[in-house]
Structure formats: structure tokens, C-alpha cells
Amino acid sequence: MIGKEESTVKRMLARCGLAAATLMLAAAPALADDPKVDTGDAAWMLTSTALVLMMTVPGVALFYAGMVRKKNVLATMMQSFFITALVTVLWMVAGYSIAFGEGGAYYGDMSRLLLSGITESWDKPFTLGTGDSAVAFTIPESVFLMFQMTFAIITAALITGAIADRMKFSALVLFITLWTLLVYSPIAHWVWHPNGWLFALGALDFAGGTVVHINAGVAGLVAALVLGKRIGYGTENMSPFNLGLAVIGASLLWVGWFGFNAGSAGSSGGGRAGMAMLVTQIAAGGAVLSWTFAEWIIKGKPSVLGAISGAVAGLVAITPAAGFVLPGSALIIGVVAGLAGLWGATALKHALGYDDSLDAFGVHGICGIVGALLVGFLAYGPLSATTAAPDGSGGSMEQFIKQAYAVGATLIFTAVGTFILLKVVDVIIGLRVSEEEEREGLDVTLHGERLN
């Protein structure tokens, strides 16, 4: 170790004592020759991973639980909590390998089953893919796969908002198992692996507009249609049990979304993570205002439920665009998303007559589509510029067509795949609880517990 590195070690010698510093000097030549993890990038990605996990437990758990009736609060929270554990194990066993194994254009491979090979360079930076399209990271693969695991977790949990109050827990477990491996993981490969066909096409999805939100929203809509409406839907009072819980959940989602979007930069440097964080906040604020003011005009009162739904709408819509747009464009995306989400959760749902219990499609599906399409026109090239592509990915009609293609492919694959899997589960164990169980409430009938 020479020059500046040598002087650093001498300072550490004074602080750590002779024995510790001697060990460091002995190891220095080998360390100097090896690629090193960027500790700042790794620290940010570890923080982002924790923030995204917080979005599901307790974020989604509280958000959804606050909007159902009292007799289903525990069952709703159990869904998010159990899915967190279930998808964690699925991701380790096969999900990560399917999504991020080398594979081909549509599917990964089995090279990372049970995380095989993860110890080979556990303390080194890793590269995703091979050849000219490979993406080099400055973090260990363990951090990357854990970050991506939290995305798989929240995507599965979001679906439960559409089928709240009426699905068997056993059916949910089997469905989420199949859906995570056969629908979510392949789409993640399409979009985020360098070999994926949508990646190669040049479709932009910074943090999950297609992979997470359109995917979960469409799956939720299909599940709601297959299960049918809740008993008493449209005739009985189904007011939320505790909007205070929903506000806390939405607040945790808002804060956690900074890990979701800014963390998708993959590092803390270069300014892209900072811009992604800024535009995330601006889009959320714009959507809260547009949803709230529109509802105020239409209904005469601004509701708490509308405000928190608006925040989620804006956060969803900025997700695919976060690393590609500037603040002015983010405000446009947020305002449009607030209005689109309000329309999806009210007018569209009422017009078509489906029972999307907690508006998983109305907010996540609709606003995911809004964000994925708008980034095609609003992307600012320099934010994604590289040495190989100095102009980056800028907004244009050509880019909009690519975005529309990605949205359409996700819609079709998710709808068909989800429908088939639901029918398979229905044949094996049945999807829906009995009428008597639904009327009594899922807390007691499925879990033997109740809130007092």
C-alpha cells in the first residue's frame, strides 16, 4: 500500500494499535488487487431494502387493514405478514433464479436455485448478465437479491387489496406461490435482466411500473372478477373500520417509497438517486392535491381516504419514471395520476360493476399504466446517459410506442396467467369461503381470533 493509502494506514495504526494495523498492512496487497464494494453504495442499498420491506410490513398491512370491516382486520393483516415470509422463501428457492438467472429473453434459469453460487464472490461487486448488455454493480449480489426480494414481496401483497373479505387463506397461499414463480418472476426477467426482451427493446421501467404495479393491479382485477362480489356489496354498509390505521399505513408507504424509487438507482452516487427521491416526493404531493381538490369539487368535501389514496396514486405513477424525469415532469405525472386514480377507484369501477375491494386495480393498475406511458414522452435523456449511450433515453413518439408495447405485454401475460392459476387453485381446494364464513368474518372463521 503506497501514497495516500499508506498514510491512511498509519493514522489507523495510531488509533487501533500495532497488532490491528499490522494485520491490515499484511492484507493490503491482496485487497489492492481485488475489486472492492463501494461502501457508500452498499450502505444506501441496505437502507433502501429495509425501507421497501417496511412498505409491506407494516405499511400495506396497516393501509389495507384500516379500510376493511372490523371482522376482517386481523385476516387482512395476516395476509401481508404471511406473504412476506412466504415470498422470502420462494425467492430463495427459485424466484430469484427465474427472474435474474442468465436464461434467455423470457425466462431465467436454474443456476441460482437455493441461491447456489452466492458464496463465490459474496464480498465482491457483481455483474448482472454477460456480454455488451451486462450491468455492473458496486454492491454484493446478496444486497441486490435482497433488494429485489422486497419488490417481489410487496407486489404479491398488493393483490390482496382486490380480494379482501372473501378468499380462503389456503387458496391465497397456493395462488401466491404459483403466481410469484410463474407470473411475477418472468416479468421481472423481461424488464430488468439484460437478456430480457423488454430490456432489449428499450422499454423504461425504473422501479416497477410494469413489474410491480400493473402486474399486481391486473392480477387483483382478474382475481376480483373470478371470485365475484362480496356478499352485500352495493347494499350493505362496508365503511372502513379504522381510517387512522390506513393513514399510518399510507404514511409508511410514502416514506418507504424513497427506498423503492431512489434505491432503484443501484447506488448513492451520480445524482440519479437524489433526483429519483426528489421527483418521487413532488409526484406524490401533486397527486394528493389533484385527487383531493377534484373530490372536493365533486362531493363537496375533501376526504381523508381520498388524500391517502391520492398519495399512493402519485407514488405508483412516478415509479417507472423516477430515474428518467425532471421535477416539472414529475408534477405533471402526479397531477394526472391523482385524477386517473380517482376515476379508476370510482367511475370506472361503478361503470363496470366489479368489486375491487380496496382499489388495487383502480390505483395501482391505472396509475401504473399512466406512469409507464407518460415517461415515454417526458423522459430526460441526460439522466440515463452512459458512455455507450451518451444521449440516454429521451422522450419521443418512438419511446412512447415502446412503453405502450411493454404495458400491453404485461397486461396480457398477467391477465391470462392469473386467470389460469386461479382456476387451477379453485379446482384443487376452492377459492372462496362459504357465505356463512364471510358473514361472520374471516378473523374468526379462518384464524380463530377477533378484535375486541
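The values are calculated or read from the model by the stated rules, or taken from the named source; none is laboratory data. What you are looking at is a predicted structure, and each value in this text was computed from that prediction instead of being measured. With ideal geometry, Cβ positions are generated from the backbone for all residues, glycine too; neighbour counts draw on all protein chains shown.
This table checks each residue for (1) within 23 Å of the chain's Cα centre (by Cα); (2) on the phi < 0 side of the Ramachandran plot; (3) modelled with pLDDT of 95 or more.
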position	(1), (2), (3)
88	yes, yes, yes
106	yes, yes, yes
118	no, yes, no
122	no, yes, no
136	yes, yes, no
140	yes, yes, yes
145	yes, yes, yes
148	yes, yes, yes
### Query
When you look at residue 396, is it surrounded by fewer than 24 Cβ atoms within 10 Å (Cβ to Cβ), at pLDDT below 95 and closer than 14 Å to residue 203 by Cβ, yes or no?
no
### Summary
Requiring at least 2 residues that are closer than 29 Å to residue 439 by Cβ, the helices (runs of 4 or more DSSP H) wholly within segment 27-122 are 61-65, 73-90
### Task
Scan segment 164-198 residue by residue and report those that are under 20 Å from residue 209 (Cβ atoms) and among the aliphatic types (A, V, I, L, M).
183, 187, 188, 191, 198
### Lone unmet requirement of (1) surrounded by fewer than 15 Cβ atoms within 10 Å (Cβ to Cβ); (2) without any contact (Cβ under 8 Å) to a residue 40 or more places away in the chain; (3) among the aliphatic types (A, V, I, L, M) for residue 135
(2)
### Query
Taking segment 93-123 only, how many residues are within 17 Å of residue 35 (Cα to Cα), touching a residue at least 24 places away in the same chain (Cβ under 8 Å) and either loosely packed, with under 14 Cβ neighbours inside 10 Å or not assigned by TED's automatic domain parsing to the domain that holds residue 203 (or both)?
1
#### Entry: Residues being of a type in the set (Ser, Thr, Tyr) and either out of contact with any Leu (no Cβ under 9 Å at 6 or more places or on another chain) or within 16 Å of residue 317 (Cα to Cα) (or both) - total across segment 361-397
3
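Being more than 17 Å from residue 55 (Cα to Cα), aliphatic (A, V, I, L, M), without any contact (Cβ under 8 Å) to a residue 40 or more places away in the chain and surrounded by 16 or more Cβ atoms within 10 Å (Cβ to Cβ), is that true of even one residue in segment 301-311?
Looking only at segment 301-311, we keep the residues that are more than 17 Å from residue 55 (Cα to Cα), and these are 301-307.
Keeping just the survivors that are aliphatic (A, V, I, L, M) gives 304-305, 307.
With the extra rule that they be without any contact (Cβ under 8 Å) to a residue 40 or more places away in the chain, the set shrinks to 307.
Next cut, surrounded by 16 or more Cβ atoms within 10 Å (Cβ to Cβ) only: 307.
The answer is yes; a qualifying residue exists.
Mind listing whichever residues of segment 28-57 are closer than 30 Å to residue 158 by Cβ and either modelled with pLDDT under 95 or crowded, with 19+ Cβ neighbours inside 10 Å (or both)? Give the derivation first.
Keep residues of segment 28-57 that are closer than 30 Å to residue 158 by Cβ, which gives 41-57.
Scanning segment 28-57 gives 41, 42, 44, 45, 48, 49, 51, 52, 53, 55, 56, 57.
In segment 381-393, how many are out of contact with any Gly (no Cβ under 7 Å at 6 or more places or on another chain) and surrounded by 11 or more Cβ atoms within 10 Å (Cβ to Cβ)? Talk me through it step by step, then tell me what you get.
Quick first cut of segment 381-393, residues out of contact with any Gly (no Cβ under 7 Å at 6 or more places or on another chain) only: 386-390.
Narrowing further to those that are surrounded by 11 or more Cβ atoms within 10 Å (Cβ to Cβ): 389.
Count: 1.
Right, residue 208: modelled with pLDDT of 95 or more, in the same structural domain as residue 257 (by TED's automatic domain parsing) and over 26 Å from residue 113 (Cα atoms) or not?
In short, no.
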